[in-house]
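Novice: For reference, the structure I am asking about is given below.
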Number of protein chains: 2
Amino acid sequence: MAGREQKKSGGGGKKKEVKKETGLGLSFTKDENFGEWYSEVVVNGEMIEYYDISGCYILRPWAISIWENMQTFFDAEIKKMKVKNCYFPLFVSPGVLQKEKDHIEGFAPEVAWVTKSGESDLEVPIAIRPTSETVMYPYYSKWIRGHRDLPLKLNQWCNVVRWEFSHPTPFIRSREFLWQEGHTAFATKEEADTEVLQILELYRRIYEEFLAIPVIKGRKSELEKFAGGLYTTSVEAFIPNTGRGIQGATSHCLGQNFAKMFEINFENEKGEKAMVWQNSWAYSTRTIGVMVMVHGDDKGLVLPPKVAAVQVIVIPVPYKDADTQGIFDACAATVASLSEAGISAEADLRDNYSPGWKYSDWEMKGVPLRIEIGPRDLANNQVRAVRRDNGAKTDISRVFLVEQVKGMLDKIQQNLFDVAKQKRDACVEVVKTWDEFVTALGQKKMILAPWCDEEDVEKDVKARTKGEMGAAKSLCTPFEQPELPEGTKCFASGKPAKKWTYWGRSY
Amino acid sequence: MAGREQKKSGGGGKKKEVKKETGLGLSFTKDENFGEWYSEVVVNGEMIEYYDISGCYILRPWAISIWENMQTFFDAEIKKMKVKNCYFPLFVSPGVLQKEKDHIEGFAPEVAWVTKSGESDLEVPIAIRPTSETVMYPYYSKWIRGHRDLPLKLNQWCNVVRWEFSHPTPFIRSREFLWQEGHTAFATKEEADTEVLQILELYRRIYEEFLAIPVIKGRKSELEKFAGGLYTTSVEAFIPNTGRGIQGATSHCLGQNFAKMFEINFENEKGEKAMVWQNSWAYSTRTIGVMVMVHGDDKGLVLPPKVAAVQVIVIPVPYKDADTQGIFDACAATVASLSEAGISAEADLRDNYSPGWKYSDWEMKGVPLRIEIGPRDLANNQVRAVRRDNGAKTDISRVFLVEQVKGMLDKIQQNLFDVAKQKRDACVEVVKTWDEFVTALGQKKMILAPWCDEEDVEKDVKARTKGEMGAAKSLCTPFEQPELPEGTKCFASGKPAKKWTYWGRSY
């Protein structure tokens, strides 16, 4: 998907604002031109501003508030797990960065290097972290000495830089992004294995409970796993419009590979020298992009209530001879009641826009519920509620305002998930042969196929599906495995199949 | 103050742990060798680990938890002021960075440049933000068009990089640090002026109410103000041991200088084109360093209760024939009662350390209150509370545990402030002549002197006091001005004095 990079010009143009004031909304539809639609909706919804450096984006308050809502949840959950926050430097010296061979091979092409400060050349170029395994682990080696120092569980909220050249896309693929990265060390593999899944479950909850996006939990293939790790688990989402899978978040068991390279040893309870087992896990601002892609529509963003900065927007609808002050007061009272009940509500009392213009404006920004208050509502002591997800209109007595609004927000949250799941499920195709696979791929499906689990076969699938749209690859082997009848053959190699695995094009 | 850079070696040595286990505590005293003491206490208190890139430091959980406590306060306060969080890129293109001449002159020598990604040279070198005025303001120009778009109030929590070469010191002067930076734009100078002081008051509260450090609110001289701004206000702290002032946080009115350069115009209510008035304001992880310097002692860190991750540490003191299980249960019950009351309490039940060793350990880490529970305490249904700030011991009946502990934590918070203020005040010296000034400077004082407020005179003071310890400069002109009798002369130039100003050496 091509980002609309021509929009990136800093400072100058004021095109967007002009368009907005004419009330034209989006120039592209989600179904007809998904790429342009996405670029436009993140800008017009005021989440993103294109920046004058390609692949870097400004995250506006509307996006950051979603990030903060997820962060509040996740940070509290990991603190319950005794994970502690810390902050390691942005910079890595080349020596440590290159210590783990597979790891650096995976990241080297994307590493940004600082070589100068002021007018002077640095003695040694210094890398900017693409991820912090090599930044942190020399110190894990220093801090961990005995079994009592374990487990060590650290996390940091920070920015990382991966200077990618392919298709920069806001949130989804950017040269700098925000994330959390957890890095933990255990005495035993069992503890590490357990934590990998605990964290993965939190990632599932972020997607399913907060962002209302169905995901599949599973394990990555050897080819797709984290560079230098033992195995990678992930939650995988799917974008029906492009027919591409998207890795939502990853929880890696690093095994002992990094421990070996960085000499992270400890004396175990028997007094013997042992090596730690490590995990690392991360989710990033990519989550927000997936949310926009899954829920957004031709009117703009659609925000799930649990992450929306504003859950309810209250709009006065005055008429010529009506009691305008009374309507404004009712709006203020409505906001006050909802706010008191812990619902994030705001009134839009701007006097230079019509109610209709405001409806479009807040629809573009994706606010889950709109409340309109006009003369008739005032007379009947009611408000009119309009759902962003399906446009349904309901008159609510002001007597039952809070409970009704709460109920509607819950329903919107659930409905967004249900609709997204229905659409996602409709894209899943079970195939057993190469021909079926190719057909399904052409139909932009997320393909579940029996696989022999051989790396060369995956490479072969990639090679055979290469083309303008990008090659297919394995997305994950789901933990929930359908029955695999004896004698089932791999869709690609014809060898005996070992597991069901999801395949498709991906971001 | 020289940071102990020889300690920076990554990964290898395990000196500290060994020393800790022998219970030796700190090798340096605060009064005899402040610089070494500071370097040691931030490491042994587990706030900092030296990193293998000079001037970069690892902020360990013990430091980050303090940062988070301040952040929770400040973030909520600015949100009440309708400031919204956002995130702008780490990278700046050279064109915009150099747009404001004075500004770039101030920062250019410290800017780190990315010139390569992977193996390829970038077409144009890209700067890493030393601060974000030039990153943000081209977009302020885009977003602000009419008076209804004002005020625009944004803030971001992020890292910035200033590649300084002089005296790197953990927290105080590091090449990368964490901060918040607020950037606001208003229609009128009055609104900007008002906000400058509102924010400065929040900074005062961070120092005085949270970190228990007295600060002086005032205005910076023309020579010391923010590069490119109109005027700078600050809260200034003082480190008695080194006799140096330290800028605690700054709230700048940028005037219209940046607005002119970046063309941040709007149509005012009369339909005329006008230029915005801007502020920027920031506080950083430096706050934590000031806290360590002011409160720490020869036993280690001393944390004010309002920012401490652990406010109360509960330590069992079992005896040979005592009811060990009973003591452990009492410890657990104590932690439970305190936690339930919103006090952050933990029990140290490690079985491989003696109570005495644990006392030293938690004293090193600066926990405000220690609770000991031994057989006698168990028998009397009491606990023994020991204050970190003054060592005072009190037996508390378990019946009144929560209210007594709350009271003690409040007293500790207040006492830390009072003691710090007493020490700071004892360092303030009022002088009227150059000779008095030189004498006071030699005595490491914070000097209040009548000044003519001329830039050349400040330059002259700097030149005349140059030496091994660094030159003196103006710290701030305090808002609270003592009376300035008619005819008072400037301490340095003999010209008519215009105001009282603080002078001294500084960080």
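Each value in this text was obtained by applying a stated rule to the coordinates, not by laboratory testing. The model shown is predicted, which means the values in this text are computed figures rather than measured ones. Quick reminder, even Gly has a Cβ in these numbers, built from the backbone with ideal geometry, and neighbours come from all protein chains shown.
Novice: Please report how far the C-alpha centroid of segment A:380-411 lies from that of segment B:185-249, rounded to the nearest whole angstrom.
Specialist: A separation of 47 Å, based on Cα centres.
Novice: Only counting other Cβ atoms within 10 Å, I'd like A:TRP357, B:TRP179 sorted with the fewest neighbours first. Please report the intermediate quantities before stating the final value.
Specialist: Working: A:TRP357 15, B:TRP179 18.
So the residues, fewest neighbours to most, are A:TRP357, B:TRP179.
Novice: Based on the alpha carbon coordinates of segment A:348-412, what radius of gyration and maximum Cα-Cα distance (Dmax) apply, in Å?
Specialist: Looking at segment A:348-412, its Cα Rg and Dmax stand at 12.1, 33 Å.
Novice: Can you give the angle from 0 to 90° between the axis of helix B:286-295 and the longest principal axis of chain B, with both taken from C-alpha atoms, to the nearest 10?
Specialist: Around 50 degrees separate the two axes.
Novice: Do any GluC sites (Glu not before Pro) in segment A:243-317 lie in a loop, going by DSSP, with at most 13 other beta-carbon atoms within 10 Å of their beta carbon, and if so which? Numbers along the way, then the final one.
Specialist: On the way: sites: A:GLU263, A:GLU267, A:GLU269, A:GLU272; in loops: A:GLU263, A:GLU269, A:GLU272.
Here the sparse-neighbourhood loop sites are A:GLU269, A:GLU272.
Novice: If you plug each phi of segment A:433-445 into the Karplus form 6.51 cos²θ - 1.76 cosθ + 1.60 with θ = phi - 60°, what whole-Hz ³J(HN,Hα) values come out, in order, with x for Gly and Pro?
Specialist: 3J(HN,Hα) across segment A:433-445, in whole Hz: 10, 4, 5, 4, 4, 5, 4, 4, 4, x, 8, 6, 8.
Novice: Let me ask something else. Show me the trypsin sites (Lys or Arg not before Pro) within segment A:219-290 that DSSP assigns to loop and that have at most 11 other Cβ atoms within 10 Å of their Cβ.
Specialist: Sparse-neighbourhood loop trypsin sites (Lys or Arg not before Pro): A:LYS270.
Novice: At A:THR29, with labels set 7 Å past Cα in the Cβ direction, how many nm apart are the copies from this one, shortest first?
Specialist: Label-point separations across copies, in nm and ascending: 8.3.
Novice: Sorted from fewest to most neighbouring beta carbons within 10 Å, what does the list A:VAL83, A:VAL430, A:VAL215 look like?
Specialist: Values: A:VAL83 23, A:VAL430 13, A:VAL215 26.
Neighbour counts put them in this order, fewest first: A:VAL430, A:VAL83, A:VAL215.
Novice: So which chymotrypsin sites (Phe, Trp or Tyr not before Pro) in segment A:234-339 are both in a DSSP loop and have at most 12 other Cβ atoms within 10 Å of their Cβ? Walk me through the intermediate numbers first.
Specialist: On the way: sites: A:PHE238, A:PHE258, A:PHE262, A:PHE266, A:TRP277, A:TRP281, A:TYR283, A:TYR319, A:PHE328; in loops: A:PHE262, A:TYR319.
When the chymotrypsin sites (Phe, Trp or Tyr not before Pro) of segment A:234-339 are filtered for loop state and at most 12 Cβ neighbours within 10 Å, A:TYR319 remain.
Novice: Evaluate peptide B:87-98: per residue, the Cβ atoms of other protein chains within 10 Å of its Cβ; return the mean as an integer. Display every interim value, and only then the final one.
Specialist: Details: counts 13, 7, 13, 10, 10, 4, 5, 0, 2, 4, 0, 0.
Per-residue shielding by partner chains comes out at 6.
Novice: Also, quick follow-up: Nearest 0.05, what FRET efficiency do B:GLN256 and B:LYS462 give at R0 = 25 Å with Cβ-Cβ as r? Don't skip to the end; give the middle numbers.
Specialist: Values: r = 29 Å, r/R0 = 1.17.
Efficiency for this residue pair is about 0.30.
Novice: Determine the shielding of peptide A:141-151 by partner chains: average, over its residues, the number of Cβ atoms on other chains within 10 angstrom of each Cβ. Intermediate results must be reported in sequence, preceding the final value.
Specialist: Working: counts 4, 10, 6, 1, 4, 2, 0, 4, 1, 0, 0.
That average works out to 3.
Novice: Same structure, new question: Counting only helical runs of four or more DSSP H residues, what would the 222 nm mean residue ellipticity of the protein assembly as shown come to if each run contributes -39,500 (n - 2.57) and the total is spread over all its residues?
Specialist: Values: 30 runs with 344 residues, N = 1014.
About -10500 deg cm²/dmol.
Novice: Follow-up question, since we're still on this one. In whole Å, how far is the Cα centre of segment A:257-286 from that of segment A:95-123?
Specialist: Comparing the Cα centres of segment A:257-286 and segment A:95-123, I get a distance of 23 Å.
Novice: A further question follows. Apply the a/c threshold of 1.5 to the C-alpha gyration tensor of segment B:111-241 and tell me whether it is rounded, prolate or oblate.
Specialist: Values: a/c = 2.21, a/b = 1.12, b/c = 1.97.
Taking the square roots of the gyration eigenvalues as a ≥ b ≥ c, segment B:111-241 is oblate.
Novice: Convert 10 °C to kelvin, take the viscosity as 1.306 mPa s, use the Kirkwood radius over C-alpha pairs of chain A as Rh, and evaluate the Stokes-Einstein diffusion coefficient in µm²/s, rounded to a whole number.
Specialist: Numbers: Rh = 25.0 Å.
It comes out at roughly 63 µm²/s.
Novice: What list of ³J(HN,Hα) values in whole Hz, one per residue of segment A:452-467 in order, does the Karplus curve 6.51 cos²θ - 1.76 cosθ + 1.60 (θ = phi - 60°) give from phi, with Gly and Pro shown as x?
Specialist: 3J(HN,Hα) across segment A:452-467, in whole Hz: 7, 6, 10, 4, 4, 5, 5, 4, 5, 4, 4, 5, 6, 10, 4, x.
Novice: While we're here: Say R0 is 56 Å: what FRET efficiency, to the nearest 0.05, do A:GLU269 and A:SER354 get from their beta-carbon distance? Provide the component values of the computation, followed by the final result.
Specialist: Numbers: r = 73 Å, r/R0 = 1.31.
Efficiency, from the Cβ-Cβ distance: 0.15.
Novice: Rounded, prolate or oblate for segment B:431-505? Axes are the square roots of the Cα gyration tensor eigenvalues, ordered a ≥ b ≥ c, and the cut-off for rounded is a/c under 1.5.
Specialist: Details: a/c = 1.73, a/b = 1.51, b/c = 1.15.
Judged from the Cα gyration tensor, segment B:431-505 comes out prolate (a/c at least 1.5, a/b above b/c).
Novice: Once amide H atoms are placed 1.01 Å from N in the peptide plane, what residues at a sequence separation of 5 or more from B:LEU475, or on another chain, have their amide H within under 5 Å of its amide H?
Specialist: For B:LEU475, whose amide H was placed from the backbone, the distant partners under 5 Å are B:TYR502, B:TRP503, B:GLY504.
Novice: Cut-off is 10 Å between beta-carbons; in what order do A:LYS365, B:LYS406 appear when sorted fewest neighbours first?
Specialist: Values: A:LYS365 21, B:LYS406 16.
In increasing order of surrounding Cβ atoms, one gets B:LYS406, A:LYS365.
Novice: Here's another thing I want to ask about it. What are the nm distances, shortest first, from B:GLU123 to its equivalents in the other copies, labels at 7 Å along Cα→Cβ?
Specialist: 3.5
Novice: Could you pull the copy-to-copy label distances for A:GLY470, with points set 7 Å along Cα to Cβ, in nm to one decimal and sorted shortest first?
Specialist: Once sorted, the set of distances for A:GLY470 reads 5.1 nm.
Novice: Can you pull the mean other chain C-beta count within 10 Å for peptide B:49-61?
Specialist: Working: counts 6, 1, 8, 9, 9, 0, 2, 8, 3, 7, 6, 8, 9.
The per-residue average across the peptide is 6.
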